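Visitor: Below you will find the structure I want to go over with you.
Derivation of every value follows stated rules applied to the coordinates shown; laboratory data play no part. Nothing here was measured: the structure is a model prediction, and the numbers come from that model. Quick reminder, even Gly has a Cβ in these numbers, built from the backbone with ideal geometry, and neighbours come from all protein chains shown.
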Amino acid sequence: MNKKTSGKFILVLVIFLAGISISCAYSFWEDSDLIPEVRTEVYNSILSVNDTYHSDPHTISRLGVNHPFQTLRKFRRCTREAFLPGEKSHSFVQYAYADSEIYYSMDINFTAGYDQRSDDPGNYGFFYKGIRFNSQCNDRFRVRGNWWNGAFHGSRSYWEQSPLIDGYNNQNPNKNLLDNMNGDISYNNKYFNAAVGRGRFQIGNSVSGSIILSDKVNEYDYLLLEQRVGKFSFSLLNSILKPDSTKTPDTEDYPGKFFALHQMMYKPLDGLELFVGETVVYGSHYDLSYMLPFYFWRVGKYGMQEKDNLMIYGGANYYPASNLVIYLNVAIDELTYNKIFTDWWGNKYGVQTGVSIKMPKFALTKNESPVITLEATAIRPWTYTHYDNVTMYSNERLPLGYPKGSNLVDLTAELNLPLPWEMRWDSQFSCTWQGSVGNDWRLNYHTYFPGDIVNTAEAYWLEGDVSFTPVWTNTIHLDFMAHHSFILGHSSTLNKESRHQLFLSWQFFY
């Protein structure tokens, strides 16, 4: 099935399911097991916020079509709102419809913004414009889209390393053009979720980055299906990825690359969630066997001698109190039972645990409480590595696994402090100890472990030269204006070669 045919099939499937399902209203992004409760709020750009988890609030005050140009009086009122503090009540276009059976709302906003980043090597600016579309029907069916396009200016050697560049982009001698598109069509009820779209996901609670599936990558096309029955829930995610390189250096022909994930969650007690799942990255063509809802892929595919890159994961979330969550994530890239307590290099796994607590007694605002999260991560060397270039655990040359790599121990603390006047201070401090051996997902382990030693070679925690990297990042998020949002921030890398970065992000939306 080619991409065009599979895309049509996915769209028809979602619309069909939406048409036959009837239930009360539920919020898709709150009920999904693939949306973590704990995730970082420290961003160096408004464009870095994961739009898959967010949608614009609907502010439609009356039925019918509404826009700023309906009357001169309304145009003046909308113009004042665009440049004054307060709450957003208008969009470029709004529409609402209601009868005895449905309520439908839709709004369209144009966006424009600027990012400025400066540090020791140089500085750059990024100016962009875009459009956002949001609609929902009875709080069950949602259509969302977001597109932006911009260009970098300033030091070329610096903006080529911009964190905004999370995939392939259009470069020329004078400037670097960058665009992004994401969105989804989603439906949910009490027992079922379905979504088709373009986005990115984080699996498991984490503030330093997920060890299972990271969202610090470019968006990808996906189909998501979820079912909830009693204490059990099942999730199935199928995606189309972009390979890291072409088939040969002298062509622009990219091979097919796909991703699949299934997960089962069990809630045996109030306040306790247990989950287990499996991921696979595979190439060549779309494999319908990965559409099966729960199937032990590792055993089945390993017996077929296929090149698919598989990983098993699991974890738990425990809520001893309403304001406290303790979480555990485990990723097993490869493991042999009779060598589990040895130093065999193929024992590739990672463990991540943390605690996140809300502190309403220290709240400075009426609606939000401060949050402190403490997290520890340990990942064995050679984790996430593979031997086939097409099936590396990556998307567009960025890792789908832990963003900091492997062969490491990381300690991270994050504070999220809501402030009066729609402001927030977010601070993250991390210390990372990392060995120089087997710490990069791009390594081909066949090069380092040929057939004569592949079953006997060993690898050790923090093997090689150990680096120590403390990083402290602080941001102030300003949302006191109705149609403007700002991020001001500073980041310091406090090792032998200390670096300091200043960044500003501004966005206007109407």
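Visitor: To test your reading of the geometry: what angle, between 0 and 90 degrees and rounded to tens, separates the Cα axis of helix 3-20 from the longest principal axis of the chain?
Guide: 60 degrees
Visitor: Further question on the same structure: Pairs LYS242/LYS404; LYS190/LYS366; LYS88/LYS216; LYS88/LYS190: which are spaced more than 27 Å apart, C-alpha to C-alpha?
Guide: Checking Cα-Cα distances, LYS190/LYS366; LYS88/LYS216; LYS88/LYS190 exceed 27 Å.
Visitor: Trypsin sites (Lys or Arg not before Pro), restricted to the range 209-240: which are DSSP loop and have at most 12 other Cβ atoms within 10 Å?
Guide: LYS231
Visitor: List the aspartates and glutamates whose Cα sits under 13 Å from the Cα of LYS339, skipping any in the same chain fewer than 8 residues away.
Guide: GLU458
Visitor: For the chain, what's the relative contact order in percent, using C-alpha pairs closer than 8 Å and at least 6 residues apart?
Guide: It rounds to 14 percent for the chain.
Visitor: When ranked by the protection proxy of mean other Cβ atoms within 10 Å per residue, highest first, what sequence do the peptides 322-330, 384-392 form?
Guide: 384-392, 322-330
Visitor: So if I take the centroid of the Cα atoms in the range 462-510 and the same for the range 188-228, what is the distance between those two points in Å?
Guide: 25 Å
Visitor: With point charges of +1 on the Cβ of Lys and Arg and -1 on the Cβ of Asp and Glu, referenced to the Cα centre of the chain, which listed residue (ASN205, ALA112, LEU419) lies farthest in the positive direction of the dipole?
Guide: Positive-most Cα among the choices belongs to ALA112.
Visitor: Then there's this: Take every Cα pair under 8 Å in the range 369-458 that's 6+ residues apart, average their separations, divide by the length, and report that relative contact order as a whole percent.
Guide: 36 percent
Visitor: To the nearest 20 Debye, how big is the dipole of the range 124-244 about its Cα centre, given +1 on the beta carbon of each Lys and Arg and -1 on that of each Asp and Glu?
Guide: Using only the charged Cβ atoms, the result is roughly 340 debye.
Visitor: While we're on this one: Applying a 10 Å radius around every beta-carbon, put 349-356, 91-98, 180-187 in order of their mean neighbour count, most first.
Guide: Peptide ranking by packing, descending: 349-356, 180-187, 91-98.
Visitor: Right, another one. Can you order the peptides 495-507, 307-319 by their average number of other Cβ atoms within 10 Å per residue, highest first?
Guide: 307-319, 495-507
Visitor: How large is the helix-only mean residue ellipticity at 222 nm for the chain, computed as the sum of -39500 (n - 2.57) over DSSP H runs with n ≥ 4, divided by its residue count, in deg cm²/dmol to the nearest 500?
Guide: It comes out at -2500 deg cm²/dmol, rounded to the nearest 500.
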